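In what follows, a single structure is set out as structure tokens and then discussed.
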Amino acid sequence: MYAVSCRIFLRLFLAVVSLVAALPAPAAGIVPGVVCDGCHGTGGHSAGTTIPSLAGQDRDYFVIAMQAFRSGERPSTVMGPLARGLTDTDIRGMAAYYARQTPLAQTAPVDPALVKAGMKVFYDRCKTCHLDGSLWKLIHQNRGYERECSGRCHLDYGPERGKVVPLIGGQWREYLEMELAAFRDGSRGMSKRKARAFEHLDDADLAAVAAFFASRTELQR
Amino acid sequence: MKAAGRRAFLRMLGAGAGLTGLALAGCATPEILPKSGRRVVVVGGGFGGAIAAKYLRLFDPTLEVILIERNRRYVACPFSNQVITGLRDFEGLTLGYDALASRYGVRLLFDEVTAIDPATTTVVTRSGRVRYDRLVLAPGIDFRTELIDGYDPRTTPELMPHAWQAGPQTLLLKRQLEAMPDGGRVLISVPAAPYRCPPGPYERACLIAAWLRRHKPRAKVIVLDANPDITAMGALFREAWKTRHAGMIEYLPATRVSGVDTAAGAFVVEGVESVRGDVLNLIPPQRAGAIAARADLVEEGGHWCPVDPRSFESTRHPGVHVIGDAAIAGAMPKSGYAANAQAKVCALNVLALMNGKPPHELDGINVCYAAIGEDEDISIAQVFRVADGRIVAAPVPGGASPANLSRGRLEHRYAESWLRNILAEMSG
């Protein structure tokens, strides 16, 4: 218990330090950024489990997501009207603001057994695309896995290719589950490649992989 | 200041607030907290003031920021309609100010502001005078009870609660509902706009109707609206009343409560007769918090504070900024989210003014959720900017929930996180 509260305290402390470090000289996107934090949490660290944290989100991915909200390609409630009301300059500024913030992992406990099952789903179905910096590292620390490396990730995704990869590690489990459910029921569209991956996943797999991503504490783009 | 020193300092402030009435009677008001460096004083620790204090320190850790607030605990209004029908208690809506002091270095003064003198850049509290370089005033609302014949500001709210400032009034309305006979009538009076939280009265009607259906199904809600129509999310509320609360809510537009008949338990309605009710929820017309008028910040012939649309600096007294419900912020509604957004833009522009820098543009955002039942919400999301010296809404169609309320349950889940985040912003 003590260790847990220490960890939470340390995270909060780091969040403040990172904010203070990031904010003194108000930079690009500061106004739309801080104004969005009313919903997304100070510095983009969301305290609400159905609203994603935006701290540390990939700049290019942020713009892609906002454009998808704006066009309606990605379904939303409030995000569509907000994206339509904001200018391209606002959105680019917000992307820079959130990319400057240090990402922090969500703080709810996750069932270790579910995480373990989720890691298997990740390796089987998600890893060739969802390789943010920390997952790339994780994969390469797994020597057993590396021996069987097909080289596929190196060909298309991952940091080596400079592809846009959203940071989803450490996100709230409830939010991840809601988005996965939206992919599954078709309300949120996806690429053919992602759809193929989804064909092999049942609800238990989705719950597990949400837990796996939520459990990530080492976060880097 | 070292942590121990700061704690001692806060204790000293706390003690001071209690003693002052005795110590200062008859004396010339002494200066407390003598000013040494650059200082901004924030008056009022609600959705605007607490955020202004926090972000001023975040943006400039070298600045001294003093937050003066009457109460040590803050009870948030958003979602307090759910307290009335037992869907929520006050625990999750009650905030302290400790983190503003310990994590952000805001100095807290729990005290009541009695006067503001812009000419000498001084705030007068019960314990003494506090000097400032710039002042941010977030005084919220007060009631214009003089517009209601027979309204006694002391006794009438005990009989006809407004429940428009969350706390004991909210709980009183809850008790009255519980005590009401089945078959009784709940009257909700909506004041003429502008008032705090435009969708609030209609949300309240929904939640009370849902509760009545469960507990007193023969009872009814009657909404007496001084406005010609529902002031926010009108089509959505009408749809909810038709499909979720059929037969439970009667809506009377352009029906202004001009007096009370406390003996008969009735509202006196302008141009009609009196309307009797078993529970009388009288939400009086509103004005900027009283201190704004005492500081001469209210517009001539009006009730709210005119401000520059970027810096929120008063157009009547330079050096004083007014944010939140009390300010005239063009198209931005008097909502908690709008106050939060204004506070941040104001904080940036207070610093810009102090440092001789050009002002930041306003990208105002407002996101409001309103419950239409126990597990369904609707929302409105808007972007605001400045055009021709006024804050206007970006012309974007479709800022509100779909007309058929199909996303009600999903929005209910988002609403809960909205609340968690906006409160976490104020308290940590």
Inset, instruction - Taking only segment A:76-113 into account, find how many residues are of a type outside the set (S, T, N, Q), over 24 Å from A:I30 (Cα atoms) and open to solvent by 50 Å² or more (accessible area, probe 1.4 Å). - result: 4
Legend entry - Which numbered condition B:L362 fails, given (1) at pLDDT 95 or above; (2) of a type in the set (A, V, I, L, M); (3) within 22 Å of the chain's Cα centre (by Cα): (1)
Inset, instruction - Counting only residues that are farther than 22 Å from A:L180 by Cβ, give me the helices (runs of 4 or more DSSP H) lying completely in segment A:30-133 with at least 1 of them. - result: A:30-40, A:59-71, A:79-85, A:88-100
Inset, instruction - For B:A263, state whether it is small (G, A, S), within 14 Å of chain A (Cβ to nearest Cβ) and open to solvent by 10 Å² or more (accessible area, probe 1.4 Å). - result: no
Inset, instruction - Tell me which residues, restricted to segment B:91-128, are on the phi > 0 side of the Ramachandran plot and β-branched (V, I, T). - result: B:T121
Legend entry - Members of segment B:93-122 that are within 22 Å of the chain's Cα centre (by Cα) and of a type in the set (A, V, I, L, M, F, W, C): B:L93, B:L95, B:A99, B:L100, B:V106, B:L108, B:L109, B:F110, B:V113, B:A115, B:I116
Legend entry - Candidates B:R73, B:R88, filtered to the one that is free of Cβ contacts under 8 Å to residues at least 40 places away in the same chain and touching a Phe, Trp or Tyr at 6+ places or on another chain (Cβ under 7 Å): B:R88
Inset, instruction - Return yes when A:A95 is of a type in the set (G, A, S), within 19 Å of the chain's Cα centre (by Cα) and at pLDDT 95 or above and no when it is not. - result: yes
Inset, instruction - Restrict the check to segment B:327-346 and report whether at least one residue is in a strand (DSSP E or B), more than 8 Å from chain A (Cβ to nearest Cβ) and free of Cβ contacts under 8 Å to residues at least 60 places away in the same chain. - result: yes
Inset, instruction - Would you point out which residue out of B:P157, B:P161, B:P153 is in the same structural domain as B:L252 (by TED's automatic domain parsing), crowded, with 18+ Cβ neighbours inside 10 Å and assigned to a loop (DSSP other than H, G, I, E, B)? - result: B:P161
Inset, instruction - Confirm whether B:G389 is out of contact with any helix residue (DSSP H, G or I) (no Cβ under 9 Å at 6 or more places or on another chain) and farther than 30 Å from B:G259 by Cβ. - result: yes
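The values are calculated or read from the model by the stated rules, or taken from the named source; none is laboratory data. From a predicted model like this one, the values you see are computed outputs, not experimental measurements. All Cβ positions, even for glycine, are placed from backbone atoms using ideal geometry, and neighbour counts span all protein chains on display. Side chains are part of the model used for accessible areas, which takes the heavy atoms of the whole protein and leaves out ligands, DNA and RNA. Shrake-Rupley method; radii C 1.70, N 1.55, O 1.52, S 1.80 Å.
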